[in-house]
Amino acid sequence: FGGQIHCSYFQYQPEIGSTWEGQRGKAYGGFAAAAVLRAAGLLSSASRPASFACQFLRPVALMVPCQFDVVSLRRGRTSDLLSVSVSQSGKPALHGLVRTVDESTGPEFQPARRPTLVDPASLPRDVDVMRVYGWRPSKLAEHIECRMDMDIAAAGGHAAWQRLGEGIVYDDPFLEAGRYLMLLDNAAPAIVNQAGYFWGPRRKELPWGFANLDLLVHFHVARGTDWLYMDSEVITGSGGLSSAQTQVWSDSAELLATSISQIHFIPITG
């Protein structure tokens, strides 16, 4: 990031490189969301992210300058609220709200449900699974190691271990939370799989196009482990809208972050 700095306003002009491609020629939405969180963290006076809400307005093209406008909406004694607007070629692309807090004390609870975790090495790599099922692995798969839980996929869910690389964990809470965001913006596969169109025999017959409209995240723990386990489940779906919840866990089954996404489906014609 580089740009102009003011006491309650930042402006950055970054480009997202081809490493983070999602759709062809477009940035992976989870990485764009992580960049929004990172930009907010550079202006925040509080030490860690507490929540993140993002509206996806249009895909971000790779290798084209973006404009990140970061505004401090509230600066309190122990928490901040920041707005981040991302535009490209004069058109809005993303808008995020980031709530940040300082470390404190309070009641402590354990999750009511923990996943049964297995050794990541015992699961197949996503690139191998995708080739078997006829999907083209994205460039992102070259830079994020992913191990799919095919037993959960067979039951209509979506779960996987992922890491950026062996031992990669960030001391900066905003960078660390950005790792979680890249997994949390991944609810659509659970919905498509439960509908029978992702891994099953009808995988090439998907009758809809779809897009993630928004992402709401609550961050629970500021530091995780290099391997992160993501687990998505469908909440409900009707009238072209489907909701799914995703959780990210450490390799010791510590809940790091939780998200909910709303996916919009549109019938394919012609």
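Summary table
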{"quantity": "Sparse-neighbour loop sites [trypsin sites (Lys or Arg not before Pro); the stretch 1-71; at most 14 other C-beta within 10 Å; DSSP]", "calculated": "ARG24"}
{"quantity": "Gyration tensor (Cα) of the stretch 91-183, equivalent ellipsoid semi-axes in angstrom", "calculated": "29, 21, 15"}
{"quantity": "Cα-based Kirkwood hydrodynamic radius, the stretch 153-228, one decimal, Å", "calculated": "14.4"}
{"quantity": "Exposed chymotrypsin sites (Phe, Trp or Tyr not before Pro) absent: longest stretch of the chain, with sites in DSSP loops and at most 16 other Cβ within 10 Å deemed exposed", "calculated": "2-108"}
{"quantity": "Normalised convex hull volume, the stretch 166-270, alpha-carbon set, Å³ per residue", "calculated": "119"}
{"quantity": "Tilt relative to the chain, helix 173-184 - C-alpha long axis, 0 to 90 degrees, to 10", "calculated": "30"}
{"quantity": "Compactness relative to 2.2 N^0.38 Å, alpha carbon Rg of the stretch 1-152", "calculated": "1.27"}
{"quantity": "DSSP-assigned coil residues among GluC sites (Glu not before Pro) in the stretch 154-229, each with at most 15 further Cβ atoms within 10 Å", "calculated": "GLU166, GLU205"}
{"quantity": "Cα gyration tensor shape of the stretch 1-84, rounded if a/c is under 1.5, else prolate or oblate by comparing a/b with b/c", "calculated": "prolate"}
{"quantity": "Normalised contact order of the stretch 113-270, rounded percent, pairs of Cα under 8 Å and 6 or more residues apart", "calculated": "23"}
{"quantity": "Filtered trypsin sites (Lys or Arg not before Pro), the stretch 142-185: DSSP coil and at most 13 other beta carbons within 10 Å", "calculated": "none"}
{"quantity": "Shape parameters for the chain, alpha-carbon atoms, Rg then Dmax in Å", "calculated": "18.4, 58"}
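No value in this document is a laboratory result; all are computed from the given coordinates. For clarity, every value in this text was computed on a predicted model and none was experimentally measured. Here Cβ is always computed from backbone atoms with ideal geometry, including for glycine, and neighbour counts include all displayed protein chains.
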